[in-house]
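The values are calculated or read from the model by the stated rules, or taken from the named source; none is laboratory data. Bear in mind that the values here come from a model prediction, so they are computed numbers and not experimental data. We place every Cβ from the backbone using ideal geometry, glycine too, and count neighbours over all the protein chains shown.
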Amino acid sequence: MKSAESEENQIGLRDLPSVDTVMKTGTAEIYAAEFGRERAARRVRSVIEALRGGLSDGALSGTDREALLRNAEDRLAAALNSERNSGVRRVVNATGVIIHTNLGRAPLSAEALEAISDASGYCDLEYDLETGKRGRRGRRAEELAAELTGAEEALVVNNCAAAAVLVLTSLCEGGEAVISRGELVEIGGDFRVPDVMERSGAKLVEVGTTNRTKIEDYEKAITDGTRLLLKVHPSNYRIIGFTSAPSIGDLAELAHSRGLLLYEDAGSGALVDLSGLGLDDEPLIRESIAAGADVVTFSGDKLLGSVQSGFIVGRAEVLAKIRRHPLYRAFRPSKIVYAALEATLVSFLRGSMFEDVPALKMLALTEEELAKRTNDVADELRERLGGISEAEVEVIEGSSVVGGGSAPASHPSGKVISVRHASASANEMEKRLRGFDPPVIARIENDAVLIDLRTVDVSELEIVKSAVCEAFR
């Protein structure tokens, strides 16, 4: 004889909505319109199976037909939201981390976006408009990079890691590369310099100590198998105190006196002097070239402020050898990358980078400018939230971060907005901001949500204000 609970579950199973019934709901229609009817139907079937499981184990016992349909639609709505959030979508960066790796690093300039739009259709990627014959891919971007760095030639690949692999493989495969122990670093995403060198076929020769390496250490390590001296900028890693390392000039003199090449992996790619903005520990690419480096690699999406890419600049004969290597074709970027880089590099060429390039514009924002923007937004938030007693909005002292492995010692100071809810945790408030459309990404410190407007474009301020107000409702 069946138990009363079993009979109740059987009744509940009979009340389960059909796939067709759920597919007629408003949520299912939206799902189908965005991702296709077939995918929506598969999701509906999984939702119904989840309801079936809840009825079988008693979790949904006593739920009537209408409640089950509402439950199904709620689950489908959650799945739809998850699907939307699983892809690449726009967010507002209110963290204060300028080159935020998780948020796509450097935002692109208006000129770069326009160039991408122009290149999205047919374009003269490998076509010479003057001669009507085949042209060289990336020629304009590479010429601009060479001019801006003082190098004889330049080459663009799809990221800085690819640049390092290509340089070491083409110049040092089967030979030795001498490097200081203090520069054997891991730079985010498990990118380890020793691993890259091993994969390139170069033999790693470590010299010096973690904190001190002398020119004599390099000199003693040179053998008949040595192909180059390698200097790596430590990116987000610093040793302070009792430290020393040879200059690029000293390394270049030693390398050239022994018939070797000097390769510097400069990382962040500072094309202009940023010491006035507190970034005095980032190598200036032009200075490395002038000091005698034969080849230098750096990123296009960090301090250069453009799209993900890697630059290789240096002597013409060295770059020609790198360009001939079969791996170069595998590492070439798309037309979209070249277009964005050209537009960004032109901003540097005409000297308008601090007005045009968002990352540099954020770095150059003064404390006075940031304070005014922050106070204005905070005042408006207090006015809008005036009827909510649980809302607390304050302007406090804070600091931003350059991010992306660039200038770890630089923390631009400035005002930030502290938001607290009397009955909701900081984690819950941060989650609500993430759930806004578009999501607003903030940070949490001392049990408060901090909103740093240094990384928020003026056009996005209304979004931030609306998101905060919605989070208190």
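The residue list G305, G351, G314 contains one member that is among the small types (G, A, S) and touching a strand residue (DSSP E or B) at 6+ places or on another chain (Cβ under 8 Å), which is G314. Within segment 18-35, residues that are more than 12 Å from L76 (Cα to Cα) reach partners that are in a helix (DSSP H, G or I) and among the acidic types (D, E) with beta carbons closer than 7 Å, at six or more positions or on different chains, in the pairs F35/E83. Residue-level analysis places A364 among those that are modelled with pLDDT under 95, under 22 Å from the mean Cα position of the chain (by Cα) and surrounded by 13 or more Cβ atoms within 10 Å (Cβ to Cβ).
Failed condition for A320, given (1) under 22 Å from the mean Cα position of the chain (by Cα); (2) modelled with pLDDT of 95 or more, with all others met? Condition (1) is where A320 drops out. Listed by position, the helices (runs of 4 or more DSSP H) contained in segment 100-191 that have at least 2 residues being of a type in the set (D, E) and either surrounded by 16 or more Cβ atoms within 10 Å (Cβ to Cβ) or touching a helix residue (DSSP H, G or I) at 6+ places or on another chain (Cβ under 9 Å) (or both) are 110-119, 139-149.
Within segment 409-432, does at least one residue satisfy the condition of being of a type in the set (D, E), outside any strand (DSSP E or B) and closer than 23 Å to G278 by Cβ? Among the residues of segment 409-432, not one is of a type in the set (D, E), outside any strand (DSSP E or B) and closer than 23 Å to G278 by Cβ, which makes the answer no.
Results for (1) outside the structural domain of L168 (by TED's automatic domain parsing); (2) in contact with a Phe, Trp or Tyr (Cβ under 9 Å, 6 or more places away or on another chain); (3) surrounded by fewer than 23 Cβ atoms within 10 Å (Cβ to Cβ), shown as yes or no for each residue.
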site	(1), (2), (3)
A291	no, no, yes
H325	no, no, yes
V337	no, no, no
G351	no, no, yes
I388	yes, yes, yes
V395	yes, no, yes
S400	yes, no, no
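The set of residues in segment 233-249 being surrounded by 13 or more Cβ atoms within 10 Å (Cβ to Cβ), in contact with a Ser or Thr (Cβ under 8 Å, 6 or more places away or on another chain) and at pLDDT 75 or above consists of H233, A245, P246, I248. You will find that of I289, I285, I312, the residue that is within 18 Å of E173 (Cα to Cα) and in contact with a helix residue (DSSP H, G or I) (Cβ under 9 Å, 6 or more places away or on another chain) is I312 and no other.
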